[in-house]
Amino acid sequence: DGYVHTDCPEDSTTVSKLDALAAEIKNTYESSTGKTITRTSTWRHCHEKGIGVNKHYDTVPVCGCFFLSAPTGSGKMKFYPEGEATIEYDIEEGKYLVWDDSSNHSVDKSQADEIRAMITFNFDLSS
């Protein structure tokens, strides 16, 4: 149906940025919420034209997504707060989003001719 998780091959550029990016997301989240988090998992998505991510929610306290590449036609990331209007964010290269696990979310099917690439993070609350 065009909604799948497609893993990207690892390359040295992507791998070298992961820890610094996760640390930036962690620091931003902690400074804005006062809560301490620890990264539990990281993975990459590479979406060809017609591929997106179905509406779902995660089972970890905090999630984040960084857009490595976002060619024209990449679409939007959408959040579906219960009882509220859908919130949409344009997918933009170099931008990241962080949200709590109770937020159902999806990523539009890409309409771009080039690959849309993302890095996704899960975080746990630290004691």
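The values are calculated or read from the model by the stated rules, or taken from the named source; none is laboratory data. Please read all numbers here as calculations on a predicted model, not as lab measurements. Positions of Cβ are generated from backbone atoms using ideal geometry, with glycine treated the same way; all protein chains shown enter the neighbour counts. All accessible areas refer to the heavy atoms of the entire protein, side chains included, with ligands and DNA or RNA removed. Shrake-Rupley method; radii C 1.70, N 1.55, O 1.52, S 1.80 Å.
Among the conditions (1) of a type in the set (Asp, Glu); (2) open to solvent by 60 Å² or more (accessible area, probe 1.4 Å); (3) within 17 Å of Tyr29 (Cβ to Cβ), the only one that Asp58 does not satisfy is (2).
Would you confirm whether or not segment 102-119 contains a residue that is part of a strand (DSSP E or B), in contact (Cβ under 8 Å) with a residue 60 or more places away in the chain and more than 13 Å from the chain's Cα centre (by Cα)? No - not one qualifying residue is present in segment 102-119.
Take the residues in segment 29-48 that are more than 20 Å from Thr59 (Cα to Cα) and touching a residue at least 40 places away in the same chain (Cβ under 8 Å), then tell me which one is least open to solvent (accessible area, probe 1.4 Å). Give the derivation first.
Quick first cut of segment 29-48, residues more than 20 Å from Thr59 (Cα to Cα) only: 31-32, 34, 46-48.
Then keep just the ones that are touching a residue at least 40 places away in the same chain (Cβ under 8 Å); that gives 46-48.
Working: Cys46: 27, His47: 0, Glu48: 117 Å².
In this case the residue turns out to be His47.
Is it fair to say Ser74 is farther than 19 Å from Asn122 by Cβ, at pLDDT 90 or above and not in a loop (DSSP other than H, G, I, E, B)? It is false that Ser74 is farther than 19 Å from Asn122 by Cβ, at pLDDT 90 or above and not in a loop (DSSP other than H, G, I, E, B). If I filter segment 81-88 for residues that are over 19 Å from Ala112 (Cβ atoms), of a type outside the set (Phe, Trp, Tyr) and in a strand (DSSP E or B), do I get at least one hit? Scanning segment 81-88 turns up at least one residue that is over 19 Å from Ala112 (Cβ atoms), of a type outside the set (Phe, Trp, Tyr) and in a strand (DSSP E or B). Residue count for segment 102-123, restricted to those that are loosely packed, with under 14 Cβ neighbours inside 10 Å and farther than 18 Å from Ala70 by Cα: 1. Screening Pro81 against (1) in contact (Cβ under 8 Å) with a residue 60 or more places away in the chain; (2) out of contact with any Cys (no Cβ under 7 Å at 6 or more places or on another chain); (3) open to solvent by less than 50 Å² (accessible area, probe 1.4 Å) leaves a single unmet condition, (1).
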